[in-house]
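*Asks:* Please find one structure pasted underneath; my questions will follow.
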Amino acid sequence: MGLLRRLFGLERRAAEATSRVGDESAEAARRAELFWRRWEELLPRVGSALGDGVPQRVDHQLAEAVGLLHPRLNFSIERGSEAIYALVITAQADPELRVYTDAWKAAAPAADSLWEYHDAVPPVPDPREVTVTLRGKRYPLDEVRVAAQFDNTRNLIDVAVYHPGFSELADEEREALTFLPLHAALGEKLAADRIGRVETADLLPANAVDLVAFRERVRAFDIGETDSAEPDTEQ
């Protein structure tokens, strides 16, 4: 009888866990519906602010709308890859919030020529065209070089990131200029899925490549089209 009670207890706890997941998914779907209803109401104001070149004018209203979905989610309006604009709402790789971004994306309207929707920050079309400003000084990402080690066992890529401006930066700014190029090149999801150890390189590493070449190698690795060999040395 003791064994049966334990088995029944396990089954009951499993059923309760399944019920909690189902309840959370239903709640996430309800919140997603609230968000999209509010988004439709805000669209004329959002379009006007973007047309006037002052997107910050609607930051507060958009933050309130995203809060309807979940207060810990982050949002941004980016340049779209197919549409003119992209609305990005991201959990920043927090697994507890994924149910809300999944529900939001599932309920999203179809993309059109004006808007597309992403549940993670997408990569920049050409990260070499991006310039990061830190403490009033500009650091072009076309000067970033990345050396990568592709580990098939861990299915991860360890990287060393170099920028000639690292030597003049404090630790916090160096860290920002180390990680921002990776996110710009790969986007949030691919960076979270495939980047392992990240080092800031004081000297230009051997076999380092620019961000576009690095992205091509990571994408090939992600779909299993490359091995753990180092990239060719940049000339």
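The values are calculated or read from the model by the stated rules, or taken from the named source; none is laboratory data. The shown structure was predicted, so the numbers you read here are calculated from the model rather than taken from an experiment. Heads up, the Cβs are rebuilt from the backbone with ideal geometry, glycines too, and the neighbour counts pull from every protein chain shown. Side chains included, ligands, DNA and RNA excluded: accessible areas come from the protein's heavy atoms. Shrake-Rupley method; radii C 1.70, N 1.55, O 1.52, S 1.80 Å.
*Asks:* With every protein chain kept in the model, how would you rank Thr153, Thr200 by accessible area, 1.4 Å probe, largest at the top? Present the calculation step by step, with values, prior to reporting the outcome.
*Replies:* Numbers: Thr153 130, Thr200 55 Å².
So, going from the largest accessible area down, we get Thr153, Thr200.
*Asks:* Report, to one decimal in Å, the Kirkwood hydrodynamic radius for segment 12-140 based on all distinct Cα pairs.
*Replies:* Numbers: mean 1/r = 0.0613 Å⁻¹.
16.3 Å is the Kirkwood radius here.
*Asks:* Let me ask you something else. Over all distinct Cα pairs, what is the inverse of the mean 1/r for segment 19-71, reported as the Kirkwood hydrodynamic radius in Å? Please report the intermediate quantities before stating the final value.
*Replies:* Numbers: mean 1/r = 0.0829 Å⁻¹.
Hydrodynamic radius (Kirkwood, Cα pairs) of segment 19-71 is 12.1 Å.
*Asks:* How large is the accessible surface of Tyr85 in square angstrom, using a 1.4 angstrom probe and rounding to the nearest 10?
*Replies:* 60 Å²
*Asks:* I would also like to ask the following. Size of segment 93-180 along its principal axes in angstrom, Cα-based, largest extent first?
*Replies:* So the extents along the principal axes, rounded to whole Å, are 47, 39, 23.
*Asks:* Using all alpha carbons of segment 78-227, what is the percent of pairwise distances in each 10 Å bin, ordered from the shortest bin to the longest?
*Replies:* So the P(r) values, bin by bin, are 11, 36, 35, 17, 2.
*Asks:* Right, something else. Could you derive backbone 3J(HN,Hα) for segment 24-35 from the dihedral phi with the Karplus parameters 6.51, -1.76 and 1.60 (θ = phi - 60°), listing whole Hz in sequence and x where the residue is Gly or Pro?
*Replies:* Taking θ as phi minus 60°, the curve returns 5, 5, 5, 5, 5, 5, 5, 5, 4, 4, 4, 4 Hz for segment 24-35.
*Asks:* Further, regarding this structure: Do you know the relative contact order of segment 133-195, to the nearest whole percent, from alpha carbon pairs under 8 angstrom that are 6+ apart?
*Replies:* Numbers: 48 pairs, mean separation 18.7, N = 63.
Across segment 133-195, relative contact order equals 30 percent.
*Asks:* Counting Lys +1, Arg +1, Asp -1, Glu -1, what net charge surrounds Leu134 among other residues with beta carbon under 15 Å of its beta carbon? Intermediate values should be presented prior to the final figure.
*Replies:* Values: positive: Arg135, Lys137, Arg138, Arg174; negative: Glu143, Glu168, Asp171, Glu172, Glu173, Glu175.
Around Leu134, the charge tally is -2.
*Asks:* Okay, helix-only estimate at 222 nm for the chain: each DSSP H run of n ≥ 4 adds -39500 (n - 2.57), divide by all residues, round to 500 deg cm²/dmol; what do you get? The partial results should precede the final answer.
*Replies:* Numbers: 5 runs with 106 residues, N = 235.
Computed ellipticity for the chain at 222 nm equals -15500 deg cm²/dmol.
*Asks:* Could you put Arg197, Arg154, Arg30 in order of accessible surface area, largest first, with the 1.4 Å probe and the full protein assembly present? Before the final figure, lay out each step's value.
*Replies:* Working: Arg197 140, Arg154 90, Arg30 115 Å².
From most exposed to least exposed: Arg197, Arg30, Arg154.
*Asks:* Additional query: Please compute the net charge surrounding Gln92, taking Lys and Arg as +1 and Asp and Glu as -1 over other residues with Cβ under 14 Å from its Cβ. Write out the running numbers ahead of the final one.
*Replies:* Numbers: positive: Arg72, Arg98, Lys189; negative: Asp94, Glu96, Asp119, Glu188, Asp193.
That works out to -2.
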